[in-house]
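The values are calculated or read from the model by the stated rules, or taken from the named source; none is laboratory data. Since the model is a prediction, treat every value here as computed from it, not as a measurement. Cβ placement follows ideal geometry from the backbone for every residue including glycine, while neighbour counts extend to all protein chains displayed. The accessibility values were calculated without ligands, DNA or RNA, using every heavy atom of the protein model including side chains. Shrake-Rupley method; radii C 1.70, N 1.55, O 1.52, S 1.80 Å.
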Amino acid sequence: MRQERDHLQQLAHDNDRRNPSQVLRVAREVRLDPKPDVNTAGQWRARCPGTHHGLLIRPEIEKFYCGYCQQGGGPADLREFARKRQEQDQ
C-alpha cells in the first residue's frame, strides 16, 4: 500500500517536471502547498486559501475546484481566488 502511494506521488512529480502545469505553478506561487493525491492518479490536493480545508487540482485539464467554497476554474481564477482570500484575512 505504501509503495503504491509513493509510486503515485513519484509519477505525479515526474509528470509535472516533463509537462509543467500552470495551475500547479500558481498554487505554489500563492503558497497552497500542492501535493499529489495518493488515492487518485493525476489529481493533486492543496490547501484552500485562507481556510482549513483542501481543494483539488487537475493539472491535465489546468483546473482547480473547492467543493466547500464552490469555487473553481483555471490558473488565473486560482490566483484571483487566493488574492481575494488574502484581502479578507487582512
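The table for this structure:
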{"item": "Theoretical ellipticity at 222 nm over the chain - DSSP helices of four or more residues, -39500 (n - 2.57) apiece, nearest 500", "result": "-14000 deg cm²/dmol"}
{"item": "Overall form of region 3-58 per C-alpha gyration tensor (a/c, 1.5; a/b vs b/c)", "result": "oblate"}
{"item": "Rounded to 10°, Cα long-axis angle of helix 75-89 versus longest principal axis of the chain", "result": "50 degrees"}
{"item": "Carbon and sulfur %, accessible surface of the chain computed with the full protein complex present, 1.4 Å", "result": "47 percent"}
{"item": "Helix 2-18 axis, angle to the chain major axis (alpha carbon atoms, nearest 10°)", "result": "70 degrees"}
{"item": "Area accessible to solvent at V38, 1.4 Å probe radius, in Å²", "result": "40 Å²"}
{"item": "Per residue solvent-accessible surface (Å²) - the chain, probe of 1.4 Å", "result": "68 Å²"}
{"item": "Separation of the R83 and E60 label points, Cα + 7 Å toward Cβ, nm", "result": "3.1 nm"}
